[in-house]
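**Q** Have a look at this one.
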Amino acid sequence: MATMMQAQQSIRRTNSRLSREGSSRVYATVPGALEKERGGAEGPSNDCEGCLNIVRGQIVLTCMLVFVPLGWAAHLMEMDAPYVFGLNFMAIIPLAWLIGKATEDVAASVGQTLGGLLNATFGNVVEMLICVAGIRNNEIVVVQCTLLGSILSNLLLVLGTAFLVGGCFKKTQTYSQQGAATQCTLLAMTVFAIGLPTIYANILRQDEEWEHMVQVSRWSSIFLLFTYCAYLYFQLGTHRSLFESPEEDEEEEEPPDLSPCTAAMLLGCVTVVTTYSTDFLIGALKGTVESLDISKEFVGIILLPIIGNAAEHYTAITVAARDKMDLSLGVAAGSSCQMGLLVTPFTVLVGWAYGVEMTLDFHSFQLAVLFLSVFMTTTILSNGQSNWLEGVMLIVTYLIVSLIYFFEGSGKSHSLATLD
């Protein structure tokens, strides 16, 4: 999403400034930056130098790329399912980071509006690939749980940690109340869109009504995508100021590390590699659940969202520590809106294309968890201020949800995602 790109750029600008002052930084100092300190930043002289900056900036994630060939080898050698699942799980985390980095560098060269659209498209591409792989393997429960888990993870865990960390540096932090209200309203619409088909299917348990509910879900998804497009126009066009910090316009732009052509090639290659890794991951899911005696719901709601949201977690927490709460809120709550209004309807339509009945009919317990989480988040965001205690409350709420799914049995009769 556009706010994610703005937050990443803010981190890079701050790190660049700290580097020039002799402090540690995430991205390596661009050669010539000292000479350009007052005249604007200068980017790397070539793509090799830019790649070196990227590697220096995230040593841990760069080292984690070793899990990519290991995950592929585990699948091709037909190793036990938990090994295939675990290795590919670890592989997708740095791949998601590379997708985000490549998208950021491509977006930097095409202007703010088109760049924002590009970030909105690829901002949750990992979650999309996981859901597509789940549909192809007929793991509808896992797909629905992943969608719900990504929303909960951003709303409760990411936002809560950002409030907690930010509150440790400043007693009370402020953000745009209008921007927060817009995102909360969109989340309420997500609950409404998921809630009605779920209630409908639970009240009228007939085959004929189920077919009606499938059609309602598919057409509702089209309307949700239209709403998301309207939201993008609202955020990137007519009401951009509601989602930006006033000081952002005063800071100089940090140049990208890669040229547009190289970044686009990297984005395409990494996306293809991620597609295979997600297929291997989902293919090993059933055997992993049976071997470790954990539920698919725990994997979908708690574990899988970690893959695609790791970079967002880091970004939201980092900018919150620097008292840029509008950016932090935009990353956390904005990503939840994107999951509800873009990825969820996209997944339903993909199921339609594959002839799979992927619907908006989530289990009533999942609907209750989503409703209460959105309600709590809306209540906390209503005053335009945050503190560490509100962060603690959100984190504890997420831990309670995690405990419920962790202790859930792995058998179908114990599932919280089926109607039986």
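The values are calculated or read from the model by the stated rules, or taken from the named source; none is laboratory data. Just so it is clear, the model here is predicted, and its values are computed rather than measured. Virtual Cβ from ideal backbone geometry, glycine too; neighbours counted across all protein chains shown. Ligands, DNA and RNA are stripped out before the accessible areas are found, and what is left, the full protein with its side chains, is counted by its heavy atoms. Shrake-Rupley method; radii C 1.70, N 1.55, O 1.52, S 1.80 Å.
**Q** Does any residue of the range 177-189 turn out to be free of Cβ contacts under 8 Å to residues at least 12 places away in the same chain and surrounded by fewer than 21 Cβ atoms within 10 Å (Cβ to Cβ)?
**A** Checked the range 177-189: at least one residue is free of Cβ contacts under 8 Å to residues at least 12 places away in the same chain and surrounded by fewer than 21 Cβ atoms within 10 Å (Cβ to Cβ).
**Q** Would you say ALA73 is part of a helix (DSSP H, G or I) and either touching a Gly at 6+ places or on another chain (Cβ under 6 Å) or modelled with pLDDT of 80 or more (or both)?
**A** yes
**Q** Every residue in the range 275-296 that is assigned to a helix (DSSP H, G or I), of a type outside the set (Ser, Thr, Tyr) and under 10 Å from VAL84 (Cβ atoms), please.
**A** PHE280, LEU281, GLY283, LEU285, GLY287
**Q** Let me ask you something else. What do you reckon, is CYS145 open to solvent by 10 Å² or more (accessible area, probe 1.4 Å) and assigned to a helix (DSSP H, G or I)?
**A** In short, no.
**Q** May I ask you to say which residue of LEU360, LEU367, LEU342 is surrounded by 17 or more Cβ atoms within 10 Å (Cβ to Cβ) and either in contact with a Cys (Cβ under 7 Å, 6 or more places away or on another chain) or within 27 Å of GLY100 (Cα to Cα) (or both)?
**A** LEU342
**Q** With the requirement that a residue be farther than 25 Å from VAL356 by Cβ and out of contact with any Leu (no Cβ under 7 Å at 6 or more places or on another chain), what does the range 330-346 give you?
**A** Matches in the range 330-346: GLY330, VAL331, GLY334, SER335.
Residues are listed down the side, and each one gets a yes or a no for (1) surrounded by fewer than 24 Cβ atoms within 10 Å (Cβ to Cβ); (2) more than 18 Å from the chain's Cα centre (by Cα):
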position	(1), (2)
VAL289	yes, yes
ILE294	yes, yes
PHE298	yes, no
ILE301	no, no
PRO305	no, no
GLY308	no, no
ALA316	no, no
ALA321	yes, yes
SER328	no, no
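**Q** Looking at the structure I just gave you, is VAL369 under 30 Å from CYS168 (Cα atoms) and at pLDDT below 95?
**A** Here the answer is yes, as VAL369 does meet what is asked.
**Q** With (1) assigned to a helix (DSSP H, G or I); (2) modelled with pLDDT under 90 as the list, and ILE395 as the residue in question, which single condition is left unmet?
**A** (2)
**Q** Something else: Could we say that PHE163 is hydrophobic (A, V, I, L, M, F, W, C), assigned to a helix (DSSP H, G or I), in contact with a strand residue (DSSP E or B) (Cβ under 6 Å, 6 or more places away or on another chain) and modelled with pLDDT of 90 or more here?
**A** For PHE163, the condition - hydrophobic (A, V, I, L, M, F, W, C), assigned to a helix (DSSP H, G or I), in contact with a strand residue (DSSP E or B) (Cβ under 6 Å, 6 or more places away or on another chain) and modelled with pLDDT of 90 or more - is met.
**Q** On the given criteria, is GLU35 at positive phi and either of a type in the set (D, E, K, R) or at pLDDT 90 or above (or both)?
**A** Judged against the criteria, GLU35 is not a match.
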